[in-house]
């Protein structure tokens, strides 16, 4: 059902240049993360396809994104409208289901929907796409470099301990949300409540796990 090679041939019709290079790098980072976290079979293929499609509508700007939301009949809230950098995740998730209904599914759309803001209760593949988008090797922003180093530190020592790996992944995402929120505050931008809720849920989960040890 999920055809990585098909989507690899399709995406240059929608994105180009550095964005295309980034997209391919995200797919390769998802491949590496899938190996680390033992994601195989159909889940792996879905993840790789979602990586290729995660920025499928990102070249549409401003009013074009709003028009596409309405064209696709997608629900959105005021946080979304005032956070234009996240709109491509919302339009992209709906667009892939309309454009390729037989080659995508709702789970793939959810991976794309949550890849910019996160959400409470993220599944493993959602977390991996979110992280890959942040730390893939071509990202050279200070926050991306910091998060990449944080994630890779002591990673090898955890490779045979799934519970430690999962906690480390959750800690890494919590750090990423802190970095994102700090940058948004610094620039005077609106913060999506999805990101705040995702951060809080992860911190509470990590605290609960620590208390149980």
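The values are calculated or read from the model by the stated rules, or taken from the named source; none is laboratory data. Quantities reported herein were computed from a predicted structural model and do not represent experimental measurements. Cβ: placed from backbone, ideal geometry, glycine included. Neighbour counts: every protein chain shown.
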Test residue 62 against the stated conditions and say whether it is farther than 12 Å from residue 88 by Cβ and either surrounded by fewer than 16 Cβ atoms within 10 Å (Cβ to Cβ) or modelled with pLDDT under 95 (or both). no
Could you identify the single residue in 101, 120 that is loosely packed, with under 14 Cβ neighbours inside 10 Å and modelled with pLDDT of 95 or more? 101
Restrict the check to segment 151-168 and report whether at least one residue is touching a residue at least 60 places away in the same chain (Cβ under 8 Å) and buried (at least 18 other Cβ atoms within 10 Å of the Cβ). no
Quick check, is residue 107 touching a helix residue (DSSP H, G or I) at 6+ places or on another chain (Cβ under 8 Å) and buried (at least 17 other Cβ atoms within 10 Å of the Cβ)? no
When you go through 179, 169 one by one, which is the residue that is over 19 Å from residue 83 (Cβ atoms) and touching a helix residue (DSSP H, G or I) at 6+ places or on another chain (Cβ under 7 Å)? 169
Taking only segment 48-70 into account, find how many residues are part of a helix (DSSP H, G or I) and either touching a residue at least 40 places away in the same chain (Cβ under 8 Å) or in contact with a strand residue (DSSP E or B) (Cβ under 9 Å, 6 or more places away or on another chain) (or both). 6
Is it the case that some residue within segment 183-192 is over 28 Å from residue 19 (Cα atoms), at pLDDT below 95, touching a helix residue (DSSP H, G or I) at 6+ places or on another chain (Cβ under 6 Å) and surrounded by 12 or more Cβ atoms within 10 Å (Cβ to Cβ)? no
